[in-house]
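Data block below; observations after.
The values are calculated or read from the model by the stated rules, or taken from the named source; none is laboratory data. Fair warning: this is a prediction, and the values are worked out from it, not measured in the lab. All Cβ positions, even for glycine, are placed from backbone atoms using ideal geometry, and neighbour counts span all protein chains on display.
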Amino acid sequence: MLEDYFRQYGLIAIFAAIAVLVPTGMLMMSYMAGKVGLRPSNPTPVKLEAYECGVETIGGRWNQFNFRYYMFAILFVIFDVEVVFLYPWATKFLKLELFALIEMAVFVAILLVGWAYAWRKRDLEWRS
Amino acid sequence: MNCQLAADNILFENALYRVIYDAVGSFLPCWLAYVAAGLAIMLILVNAVLLGAALVTWFERRLLGRFHNRIGPNRWGPFGLLQPIADLAKLMTKEDLIPAGADKITFSLVPLVMMAPLLLMTAVIPFSKNTALANLNVGVLFILAIGSLTTVAIFMAGWSSNNRYALFGAARAVAVLISYEVPVVISLLGVVMVAGSMSLANIVQAQAIPFLLVQPLALLIFLTGMSAELNRTPFDVAEAESEIIAGYHIEYSGIKFALIFAAETGAMLVVAATIATLFLSGWVGPFAEYIGWFWFLLKTLLVLFVFVWIRATYPRLRVDQIMALSWKFLLPLSLINLAATTLEVFFLRDSAGTLATIDLWIMAGINIPLALGCIFLFGNLVPENAKVLSVRPTTVVVPAVATVEVR
């Protein structure tokens, strides 16, 4: 059983290395092409400016993050953690008893209360 | 040096792998044959994704041309088929700029971080009978987990570009991605539950009738959510050309832009292949023993067409509409789908814990009206607060126009 695991994930690991190597190779090829003069490479200060609209950038190039993203991030974390528990349950549900159904219904219901609360507090809206 | 795969080896089931292994095993040591056979399949997958991404750009531009009542690229090669090659050659010979003040390492890593997960996702997709690189027993979870790594790449791009628009685009992209991840992941629970397995090969085998009919609501949510996660047009606030120029990849040029663009279109291809596998029964079709790959490609192409069709049809949504669609429409729908599927499975399964084909038909009969009913109900439950304001003419005589204020 453990051997099967290593046989399959060994292939996945090799593929992960290939998946990193292929784009790296393409980037390296482009770098070499720049070195041998297949593509131009003469950066000037004007070229290296932030591309906005043709006019010089005013102020810093950073902007503030909107606080609204935070609420969505928290809701996302809650539901994504829920899903981690739901997947093994769903995989085996064909053979599970009534107890598992009730237990998961309670689990999802608790999270739904939180979601309904967030909706009620208008956190799901994109207010300004 | 005579290596043959033993029948108790898990890779024995993998027909393509077995053939290559036995062929190279006749003259290579066993561990090298293991790697070489794997590399042969990886070669197919990498080429399929990279060349496929090039062809998808052509396919999309041609189709969009037809939708727009024009011709599309048709000069270079038959039907313009060589257009992606020309684009690639152009981008390869362009100057590769890194803007001043950018975080150079992060900036240069982005194409890599976007491309690698995309290639890795294809490892578990069976493109013919018993023909995936690895038939993982957690295939669905693998695809979802690896697929969401793109979020990191997008945020890296926005963060390191030292450009306001890039940061806006990245923040929007991450907000959209995390919002749609939830309904997408929950919608696939129904598929996993009916199939009783997370392995993609087992899910294909469980589709006595395509899950398109058994799980219509899940397909709708998955298609919508994936459109959003790929930043495709109805949900492309992250790279809205008319608002923030090009979003997170605004500062990219040359080969880096080519790679990011290839990763975006390649992701569309891989997601289409996933949908074809999960909902349209993958390689199953007449003579599937011999031409399973043909049915798989045909179904993938069908899903790709739907993606382009969606892009050509719908205008871009506002960011608050996108959020509302995810949290107030798709999430309840996905939970309803989950609850309905759970109850159906619970009452229809036999004592051994299996579902017969007739049970799947019964589920289809319940789920299709349920899907239509839910879409109608929830579509009208949260209306846009739109009211028509009549503008009273003041001293300056203006034509009385009705403006719509949308909150």
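Kindly indicate whether B:Met115 is over 25 Å from B:Ser334 (Cβ atoms), more than 9 Å from chain A (Cβ to nearest Cβ) and assigned to a helix (DSSP H, G or I).
no
For the stretch B:252-368, which fully contained helices (runs of 4 or more DSSP H) count at least 2 residues that are away from every other protein chain (no Cβ under 14 Å)?
B:254-279, B:288-313
Within the stretch B:69-76, is even one residue closer than 17 Å to B:Leu133 by Cα and more than 26 Å from the chain's Cα centre (by Cα)?
no
Restricting the search to the stretch A:51-81, which residues are at pLDDT 75 or above, within 21 Å of the chain's Cα centre (by Cα) and not charged (D, E, K, R)?
Correct list: A:Tyr69, A:Tyr70, A:Met71, A:Phe72, A:Ala73, A:Ile74, A:Leu75, A:Phe76, A:Val77, A:Ile78, A:Phe79, A:Val81.
Would you check which residues across the stretch B:155-203 are of a type outside the set (A, V, I, L, M, F, W, C), at the interface with chain A (Cβ under 7 Å from one of its Cβ atoms) and farther than 18 Å from B:Val214 by Cβ and list them?
B:Asn162, B:Asn163, B:Arg164, B:Tyr165, B:Ser179, B:Glu181
Looking only at residues that are more than 21 Å from A:Ile18 (Cβ to Cβ) and more than 10 Å from every other protein chain (Cβ to nearest Cβ) in the stretch B:129-151, which one is surrounded by the fewest Cβ atoms within 10 Å (Cβ to Cβ)?
B:Asn130
Yes/no matrix, rows are residues, columns are (1) touching a residue at least 24 places away in the same chain (Cβ under 8 Å); (2) assigned to a helix (DSSP H, G or I); (3) more than 29 Å from B:Pro126 (Cβ to Cβ):
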{"position": "B:Tyr17", "(1), (2), (3)": "yes, yes, no"}
{"position": "B:Ile20", "(1), (2), (3)": "no, yes, no"}
{"position": "B:Ala23", "(1), (2), (3)": "no, yes, no"}
{"position": "B:Val35", "(1), (2), (3)": "no, yes, no"}
{"position": "B:Leu43", "(1), (2), (3)": "no, yes, no"}
{"position": "B:Val46", "(1), (2), (3)": "yes, yes, no"}
{"position": "B:Arg66", "(1), (2), (3)": "no, yes, yes"}
{"position": "B:Trp76", "(1), (2), (3)": "no, no, yes"}
{"position": "B:Ala89", "(1), (2), (3)": "no, yes, yes"}
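What are the residues in the stretch A:67-124 that are farther than 28 Å from B:Val138 by Cα and part of a loop (DSSP other than H, G, I, E, B), if any?
Result: A:Phe67, A:Lys121, A:Arg122, A:Asp123, A:Leu124.
It is to be established whether one or more residues within the stretch B:181-189 are more than 24 Å from B:Ala339 (Cβ to Cβ), modelled with pLDDT under 90 and either in a helix (DSSP H, G or I) or under 18 Å from the mean Cα position of the chain (by Cα) (or both).
No, the stretch B:181-189 contains no residue that is more than 24 Å from B:Ala339 (Cβ to Cβ), modelled with pLDDT under 90 and either in a helix (DSSP H, G or I) or under 18 Å from the mean Cα position of the chain (by Cα) (or both).
Going by what's in this entry, would A:Met26 be described as over 21 Å from B:Leu188 (Cα atoms), part of a helix (DSSP H, G or I) and within 10 Å of another protein chain (Cβ to nearest Cβ)?
yes
Exactly one of (1) within 30 Å of B:Leu39 (Cα to Cα); (2) at the interface with another protein chain (Cβ under 7 Å from one of its Cβ atoms); (3) loosely packed, with under 14 Cβ neighbours inside 10 Å; (4) aliphatic (A, V, I, L, M) is unmet by A:Leu38. Its number?
Here A:Leu38 meets the rest and fails (1).
Of the residues that make up the stretch B:179-202, is at least one surrounded by fewer than 22 Cβ atoms within 10 Å (Cβ to Cβ) and in contact with a Gly (Cβ under 7 Å, 6 or more places away or on another chain)?
No - not one qualifying residue is present in the stretch B:179-202.
Please state which of the following conditions A:Tyr9 fails to meet, knowing it meets all the rest: (1) more than 7 Å from chain B (Cβ to nearest Cβ); (2) modelled with pLDDT under 75.
(2)
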